[in-house]
Amino acid sequence: MHPQPAPTQSETPLESRVAPLIEMRGITKRFGTLTACDSVDLQVAPATLHAIMGENGAGKTTLMRILYGYYTPDAGEIYLRGKRVHLRSPADAIAHHIGMVSQHYSIIPELSALDNLILGAEPTYPLGWLNRRAALQKAEQLAQMLDFQPDWNRPAAELSVAARQKLEILKLLWRDAEILILDEPTAMLSPRDVDALFETLLRLKAQGRTILLVTHKLNEALNYADYVTVLRNGRKVADAPIAAVDAPTLTRWIIGEEADDRATSVALATPAERPQGEEVLSVRHLYVASDRGGWGVRDLCLSVRAGEIVGIAGVDGSGQLELMEALAGLRPVAKGEIRLQGQPIHRWSTARRIQAGIRYLFDDRFRRMMAPQWSVLENAILGAQRDPELHLLGWFKPRALRQRAESLIQRFQVKLPSLRAPIVQLSGGNQQRLVVARALHGNPRLLIAYAPTRGLDIRGAQATYEAIRHACNNGMAALIIALDLDELMEHCDRIAVLFKGAIVAEFTREQFSREAIGAAMVGATLQETPI
């Protein structure tokens, strides 16, 4: 039995007997000529998990930032518990017990976990001195709610991605948030950490808190949400209890067209049989130090040939960051070597590696792949500024710059106000689309990517892997580091498993087994696991 068609904008998803906790009426927000939200209505029932879904640039994050007071709407009204409120800043939202965790964590790496937690809301003695003992006592009480046991005095930089996520949620609870907004919270979590996060969220919901979840992942909405609202091109197109929705219907609402069943997953660019090409990347007995002491990468051996996509699987904190930084020239190699088509490159600068045809996609685009306040046009050529096509006698050619930017935008269907707009004004997904398009421009010899589909919707993820596969068919080699095992199994020709900094198992496509690879990821061994 198929669910009913999507409700209209005027209909409410809540049962009439349930008074909404949150009402957003006719919310409109424009950025220049781009209308990010167009007369959007949203109702959220108390003590529910409400999913907000849509493609990149659909207006999801903008709508939530308006609720958090980060943006002021150009039109519309917000009601909490039936009373109209004016949220002119995040401080106003916090005063109304609303908190938000964005895609880019606000953790300050140099501060301790405890200092990050209490920053801006410190408990003090009567004379104004910090009451650190009271802070630690309250922190531990809150942490028990999330099954979180950090070393409060160690720098936050040493926390795993999953631990940072929990710390961000704790910061909301520290400020007595009753409404929690989470924007793509699982984008960088392993499957195990995703399960743990949702256990936490369901526990908070049971305690009476209301959770708004911005996500691209169908299974997260279908498995955990009570209600779902879908936005498309800035407008609300569907609003329904999750019990009345299935995956094909939800996909159709999001995309706005008939989609086959494969569109319900990220995977659409399947590997094909092809002869192996020459060895492009060779890593031999590599040792790289960790910031936490000891080896982040130890005795690692790896190779990638032209035409193939090799995946690196592993639980978070297994050495992915140290490996990525060493391959990019951002972290020194203590022992071992890295070769590009037989030539040692482990002492080369990052710029020289890029000039040699290596392209990088880092997990943290905000810090390492963008200049947030620079324009889209300037970011479109970041890293390619030495390209002779773009300058003449030392001067940039404006027409060539514009043509390059427009070709990248068209190829990956990036939604933006204008080429002159700061890239920070784009949604996270559209920022990712641009940097992926930039990395794959031309004919790179090697792509090294960490979580290339982070923040991308169904079509964006599809386009990314189709582009990677197309480039590999033309001779490129690709090394993909990702925490999403299903994504790697769908797209890769081989998967190597990283555990405590070393490659402990390798699987060809014929050997792919979720159980065997998963066992290797945690240091166990199944009988069929090759090591």
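The values are calculated or read from the model by the stated rules, or taken from the named source; none is laboratory data. Note that the coordinates shown come from a computational prediction; the quantities given were computed from them, not determined experimentally. So basically every Cβ, Gly included, is an ideal-geometry build from the backbone, and we count neighbours across all protein chains shown.
Take the conditions (1) closer than 19 Å to GLU77 by Cβ; (2) at pLDDT below 95; GLY26 misses just one of them, which is (2). Selection of segment 423-446 for residues being over 13 Å from the mean Cα position of the chain (by Cα) and under 20 Å from LEU63 (Cβ atoms) yields VAL424, GLN425, LEU426. Every listed requirement among (1) more than 26 Å from ASP364 (Cα to Cα); (2) among the aliphatic types (A, V, I, L, M); (3) crowded, with 17+ Cβ neighbours inside 10 Å is met by LEU130 save one, (3). Checked against the criterion of being of a type in the set (D, E, K, R), touching a strand residue (DSSP E or B) at 6+ places or on another chain (Cβ under 6 Å) and not assigned by TED's automatic domain parsing to the domain that holds ILE255, the candidates ASP493, ASP484 yield just one match: ASP493. Within segment 206-226, can one find any residue that is touching a His at 6+ places or on another chain (Cβ under 6 Å), farther than 19 Å from ASP364 by Cβ and among the charged types (D, E, K, R)? Within segment 206-226, not a single residue is touching a His at 6+ places or on another chain (Cβ under 6 Å), farther than 19 Å from ASP364 by Cβ and among the charged types (D, E, K, R). Looking only at segment 500-524, residues that are out of contact with any strand residue (DSSP E or B) (no Cβ under 8 Å at 6 or more places or on another chain) and either modelled with pLDDT of 90 or more or not in a helix (DSSP H, G or I) (or both) come to 3 in all. Only residues that are touching a helix residue (DSSP H, G or I) at 6+ places or on another chain (Cβ under 8 Å) and farther than 19 Å from GLY523 by Cβ were counted in segment 309-340, giving 9. One residue is enough: does segment 188-210 have a residue meeting the conditions free of Cβ contacts under 8 Å to residues at least 60 places away in the same chain, over 19 Å from LYS171 (Cα atoms) and among the basic types (Lys, Arg)? Within segment 188-210, not a single residue is free of Cβ contacts under 8 Å to residues at least 60 places away in the same chain, over 19 Å from LYS171 (Cα atoms) and among the basic types (Lys, Arg). Consider segment 486-496. How many of its residues are under 19 Å from VAL194 (Cα atoms) and surrounded by 21 or more Cβ atoms within 10 Å (Cβ to Cβ)? Qualifying residue count, segment 486-496: 2. Close contacts from segment 518-529, counting a first residue that is of a type in the set (S, T, N, Q) and a second that is at pLDDT below 75 and exposed (fewer than 12 other Cβ atoms within 10 Å of the Cβ), with Cβ to Cβ under 8 Å and a gap of 6+ residues or different chains, come to THR525/ILE531. For segment 459-478, does any single residue satisfy the condition of being among the basic types (Lys, Arg) and within 16 Å of the chain's Cα centre (by Cα)? Yes, segment 459-478 contains at least one residue that is among the basic types (Lys, Arg) and within 16 Å of the chain's Cα centre (by Cα). Filter segment 394-429 down to residues that are assigned to a loop (DSSP other than H, G, I, E, B) and polar (S, T, N, Q) and give me whichever is surrounded by the fewest Cβ atoms within 10 Å (Cβ to Cβ). Among those that are assigned to a loop (DSSP other than H, G, I, E, B) and polar (S, T, N, Q), it is SER418. Close Cβ contacts (under 8 Å, 6 or more residues apart or on different chains) running from residues in segment 38-54 that are part of a loop (DSSP other than H, G, I, E, B) to residues that are of a type in the set (Phe, Trp, Tyr) comprise ALA45/TYR227; THR48/TYR227.
Does LEU488 fit the bill of being outside any loop (DSSP other than H, G, I, E, B) and under 23 Å from GLU322 (Cβ atoms)? Criteria met by LEU488. ILE169: more than 22 Å from ALA225 (Cβ to Cβ), of a type in the set (Val, Ile, Thr) and not assigned by TED's automatic domain parsing to the domain that holds GLN432, yes or no? Against the criterion (more than 22 Å from ALA225 (Cβ to Cβ), of a type in the set (Val, Ile, Thr) and not assigned by TED's automatic domain parsing to the domain that holds GLN432), ILE169 does not qualify. Highlighted here would be strands (runs of 3 or more DSSP E) found entirely within segment 279-375 that include at least 2 residues which are touching a strand residue (DSSP E or B) at 6+ places or on another chain (Cβ under 6 Å) and without any contact (Cβ under 8 Å) to a residue 12 or more places away in the chain, but there are none.
Here VAL230 passes the criteria (1) assigned by TED's automatic domain parsing to the domain that holds VAL504; (2) at pLDDT 95 or above except the one numbered (1). Considering segment 61-103, the qualifying strands (runs of 3 or more DSSP E), each wholly inside and each with 2 or more residues that are under 20 Å from GLN425 (Cβ atoms), run over 75-80. Can you find, within segment 113-151, the residue that is modelled with the lowest pLDDT among those that are closer than 22 Å to MET188 by Cβ and among the polar types (S, T, N, Q)? Result: GLN149.
Does GLY455 meet the test of being assigned to a helix (DSSP H, G or I), buried (at least 17 other Cβ atoms within 10 Å of the Cβ) and in contact with an Asp or Glu (Cβ under 8 Å, 6 or more places away or on another chain)? Spelling it out, it is not the case that GLY455 is assigned to a helix (DSSP H, G or I), buried (at least 17 other Cβ atoms within 10 Å of the Cβ) and in contact with an Asp or Glu (Cβ under 8 Å, 6 or more places away or on another chain). Residues that are among the hydroxyl-bearing types (Ser, Thr, Tyr) and out of contact with any Pro (no Cβ under 8 Å at 6 or more places or on another chain) occur at least once in segment 150-166. The residues listed here are ILE94, ILE78, ILE52; of these, the one that is crowded, with 20+ Cβ neighbours inside 10 Å, under 26 Å from the mean Cα position of the chain (by Cα) and modelled with pLDDT of 95 or more is ILE52.
Within segment 1-23, being at pLDDT 70 or above, in a loop (DSSP other than H, G, I, E, B) and crowded, with 18+ Cβ neighbours inside 10 Å holds for PRO20, LEU21.
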